[in-house]
Amino acid sequence: MIEAGQASEIEWGGNWVFLDIGFAEKRKSCGLLFGDGHPNCLRFAEAKESILEHIRHSSPPVKLVIEAPLSACFDQHGNPKRRKIETADGKSRFWYVGAGCAVMVAAMYLIQDVHNAEPRIPVRLFEGFVSFKDSSTPTDHCRDVRLLRDVVRDPLKFSTAIYTGDDLKSDPTDRLVSAFRVAGLDLGVPAVIKPVLESATPQKSR
C-alpha cells in the first residue's frame, strides 16, 4: 500500500528514505539517503532499484521523502495554479512548469514501479521541497537530502518547515489532488518538508 504521509507522522525513528530525484540519461542526477546513512549520488535507474530493494527487505512502514511535487493544485475553474509554497522573494517554482514538472514526471515513473512491485508493507510518501537556492551554486543532491533529514530529525525545532495539505492552498476554493492521479493512482496529498536555506530557524512565508 502506498499512501500520503501526514505531518503528524514526521518524527525521527523508523524507516526513512530521502530522495532528491532527477531525470537524466547519463548524469548522476539523484541524491539518495537511507536513515542515518551517508548520501550517494546515483543515476535515476540506480536510485529506483535501490529503493525497490530497500522496500522489499524493510520493516514497515517505509517513509519515503521525494524532492518533487507530489500534489497538484487547480483553481475553481479547473486551471493549474501555483501552490502556496511555490513562490518566495519574487522567485517561483510552479509544479506545472519547468524543473518542477520534470521531476514530477520522474516521481511518477518511480511510484508506478513501486506500485507494480506490490509492496507487502506500507509506503508513506512525503514531499521534499528544497528550492530557491543561490543560482551561482551548483546543485548538490547529497546536501539536499541531508537538509530534508535535518528537519525530520528535529521536527519541533523545524516545525515551520513542515506543511500540511491545507497549508498549500492560497485560496479556500483551490483543489489539491495527488500528482499520481493522472496515472490512475490517487494516493492523497502528502505533507511537505521545505527547509529554509538561508536561516537555521525556518519561517513559513505567508
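Among the residues of region 52-89, those that are outside any strand (DSSP E or B) and among the small types (Gly, Ala, Ser) comprise 58, 59, 68, 78.
Residues in region 1-22 that are in a strand (DSSP E or B) and touching a helix residue (DSSP H, G or I) at 6+ places or on another chain (Cβ under 7 Å): 2, 16, 17, 18, 19, 20. For residue 95, are the conditions met, namely being hydrophobic (A, V, I, L, M, F, W, C) and part of a loop (DSSP other than H, G, I, E, B)? Answer is yes for this residue.
Filtered by the rule that a residue be in a loop (DSSP other than H, G, I, E, B) and in contact with a Lys or Arg (Cβ under 8 Å, 6 or more places away or on another chain), region 23-47 gives 24, 26, 27, 28, 29, 39, 43.
May I ask you to verify whether residue 81 is over 20 Å from residue 124 (Cα atoms) and buried (at least 19 other Cβ atoms within 10 Å of the Cβ)?
On the way: over 20 Å from residue 124 (Cα atoms): yes; buried (at least 19 other Cβ atoms within 10 Å of the Cβ): yes.
Judged against the criteria, residue 81 is a match.
A single entry from 105, 65 fulfils the requirement of being buried (at least 21 other Cβ atoms within 10 Å of the Cβ) and under 16 Å from residue 127 (Cα atoms): 65. Of all residues in region 155-170, none that is under 25 Å from residue 75 (Cα atoms) has its Cβ atom under 8 Å from the Cβ atom of a residue that is loosely packed, with under 14 Cβ neighbours inside 10 Å and among the aromatic types (Phe, Trp, Tyr), 6 or more apart or on another chain. Screening the candidates 44, 18, 126 for the property of being surrounded by 14 or more Cβ atoms within 10 Å (Cβ to Cβ) and more than 18 Å from residue 191 (Cα to Cα) yields one hit, 44.
Under 26 Å from residue 54 (Cβ atoms) and among the polar types (S, T, N, Q), is that true of residue 79?
Values: under 26 Å from residue 54 (Cβ atoms): no; among the polar types (S, T, N, Q): yes.
Considered against the rule, which asks whether it is under 26 Å from residue 54 (Cβ atoms) and among the polar types (S, T, N, Q), residue 79 comes out as no.
Laboratory data are not the source of any read-out in this text; all were calculated from the coordinates shown. Note that the structure is a prediction, hence the values are computed from the model and not measured. We place every Cβ from the backbone using ideal geometry, glycine too, and count neighbours over all the protein chains shown.
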